[in-house]
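What follows is a set of notes on a single structure, which appears directly below.
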Amino acid sequence: MSTFRAIRIDKLDKGTAAAFVDFDESEFMEGDVTVRVTHSTLNYKDGLAITGKSPVVRRFPMIPGIDFSGVVEASASPAFKRGDAVVLTGFGVGEQHLGGFAQKARVKSEWLVPLPAGLSAAQAMAIGTAGFTAQLCVLALEKHGAKPADGPVLVTGAAGGVGSIAVALLKKAGWHVIASTGRPEEADYLKRIGADEIIARRELSEPARPLGKERWAAAVDSVGSHTLANVLAQTKYRGAVAACGLAQGMDLPATVAPFILRGVSLLGVDSVQCPKDERLVAWQRLARDLDKKLLETMTTHVPFARTMDVAQEIVAGKVRGRIVIDME
Ligand code: NDP
């Protein structure tokens, strides 16, 4: 039986431990497609899994890595054949099914998306779950009917992965983009990728009043907690907020005032179980709308061997934009 390099997380008496190992193919979980992984990426959730800071892993041993791209090596599914380029995000991969921080992965064919035309495998991972989620937020705002003529759009956690790609996509769609960041040193970066205005994270991170001055017509929030409460309280009449993250916290210490007095809509966004039809639309839109040069300026390329170090950095809030992990 052959082996391949992987990061493996094991459960200990107290906590978990992650290490590079030679993983045996006989330990693969159920799946009808085997993929040679060429690229992966590091999302915030992967940082939590590797550092053990939060219990995101629900099966041991686990190979972390919620996203990967690569080439089909073997397939028992009519949907894919050997040599096809594929992308995977979500579906509990890297949490309850062996994930992408490995040279090989075996997964269910229904979880895979063909690599969209116009994107390389590395670009697909520069996008990854974070960029895919940013696109879902933009689609949710569009579906609500939000448009640039309504006023500015706010992006919180703007220098992070979801935030950076949301800034670029919204700017491309014609919005006046306000970027909220806790890192003033990233102001030039944020302007380069599409921010028109920068506001300080602390303006939004303290306990919120029920309503504030109406400042934005729409928002993409990857932060949650007091920040989301403030975002809602300062959203214009009939505006909408797409909420996808919890970088500040899982709580939502808000009142119903923005909903019942201003008709504000809170749109929940989940990327993990996103249905296939919407998944394909989102990837097509990313391939069409996301400027590849801007994507490259948001991206840091890291060899597989450095994954553990970068996991520490993302959990400490020190990573800017997106990380691509080169597996080969
Ligand atoms: P990153 O770590 O890349 O970005 C998060 C950003 O949030 C940071 O860069 C920082 O931005 C800001 N931030 C960090 N800590 C705080 C804090 N205490 N208070 C306020 N802002 C803070 O992570 P991702 O972009 O990959 O993910 C962002 C969030 O979205 C995470 O909570 C993640 O779990 C969630 N997520 C949800 C998905 C879904 O399907 N719903 C999918 C993907 C991600 P800055 O420095 O600019 O202030």
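Using a simple charge model, +1 on the beta-carbon of Lys and Arg, -1 on the beta-carbon of Asp and Glu, nothing else, what dipole does the chain show about its Cα centre, in debye to the nearest 20?
Details: 39 positive and 36 negative charges, 143 e Å.
The calculated dipole for the chain is roughly 680 debye.
Rounded, prolate or oblate: pick one for region 197-247, where a ≥ b ≥ c are the square roots of the eigenvalues of its C-alpha gyration tensor, a/c under 1.5 means rounded, and failing that, prolate if a/b is larger than b/c, else oblate. Intermediate values should be presented prior to the final figure.
Values: a/c = 1.38, a/b = 1.17, b/c = 1.18.
Note, shape of region 197-247 comes out rounded.
Can you put Met250, Met29, Met125 in order of accessible area, largest first, using a 1.4 Å probe?
Numbers: Met250 165, Met29 45, Met125 0 Å².
From most exposed to least exposed: Met250, Met29, Met125.
How many percent of Cα pairs in region 1-91 exceed 24 Å? The partial results should precede the final answer.
Details: 973 of 4095 pairs.
In whole percent, the long-distance tail amounts to 24.
Lys/Arg Cβ at +1, Asp/Glu Cβ at -1, dipole of region 163-313 taken about the Cα centre: which of Ala173, Thr297, Leu280 is farthest positive-ward?
So the residue we want is Ala173.
Compute from the Cα atoms of region 209-306 the Rg and the Dmax, the latter being the longest Cα-Cα distance, and quote both in angstrom.
Cα radius of gyration and Dmax of region 209-306 are 16.8, 53 Å respectively.
On average, how much area does the Cα convex hull of region 111-233 cover when viewed from any direction, in nm²? Could the numbers behind the result be given before it?
On the way: hull surface 34.0 nm².
Orientation-averaged projected area of the Cα hull: 8.5 nm².
Based only on Cα atoms, what mean projected area does the convex hull of region 87-176 have, in nm²?
Computed as one quarter of the Cα hull surface, the answer is 7.2 nm².
What pairs in Lys143/Lys236; Lys45/Lys81; Lys104/Lys318; Lys191/Lys318 have C-alpha atoms more than 21 Å from each other?
Values: Lys143/Lys236 17 Å; Lys45/Lys81 30 Å; Lys104/Lys318 29 Å; Lys191/Lys318 19 Å.
Beyond 21 Å: Lys45/Lys81; Lys104/Lys318.
Using 7 Å Cα-to-Cβ label points, what is the Met308/His176 separation (nm, one decimal)?
Taking the simple label geometry, Met308 and His176 are separated by 5.0 nm.
Dipole of the chain (Lys/Arg Cβ +1, Asp/Glu Cβ -1, origin at the Cα centre): which of Phe23, Gly145, Gly182 lies farthest to the positive side?
Gly145
Percent of alpha carbon pairs in region 1-157 separated by more than 20 Å? Present the calculation step by step, with values, prior to reporting the outcome.
Working: 6453 of 12246 pairs.
Of all Cα-Cα distances in region 1-157, 53 percent exceed 20 Å.
Per Stokes-Einstein, at 20 °C and 1.002 mPa s, what whole-number D in µm² s⁻¹ belongs to the chain, with the Kirkwood radius over Cα pairs as the hydrodynamic radius?
Numbers: Rh = 20.0 Å.
Using the Kirkwood radius from Cα pairs, D works out to 107 µm²/s.
Pairwise over distinct Cα atoms, reciprocal of the mean inverse distance: report the Kirkwood radius of region 1-48 in Å, one decimal place.
That comes to 13.0 Å for region 1-48.
At what distance in nm do the modelled label points of Arg58 and Gln273 sit from each other, each positioned 7 Å from its Cα along Cα→Cβ?
Placing both labels 7 Å along Cα→Cβ, they lie 0.9 nm apart.
The values are calculated or read from the model by the stated rules, or taken from the named source; none is laboratory data. Predicted model, so just to flag it, every value in this text is computed and none were measured. When we count neighbours, we look across all protein chains shown, and the Cβ atoms used for this are built from the backbone with ideal geometry, even at glycine. The accessibility values were calculated without ligands, DNA or RNA, using every heavy atom of the protein model including side chains. Shrake-Rupley method; radii C 1.70, N 1.55, O 1.52, S 1.80 Å.
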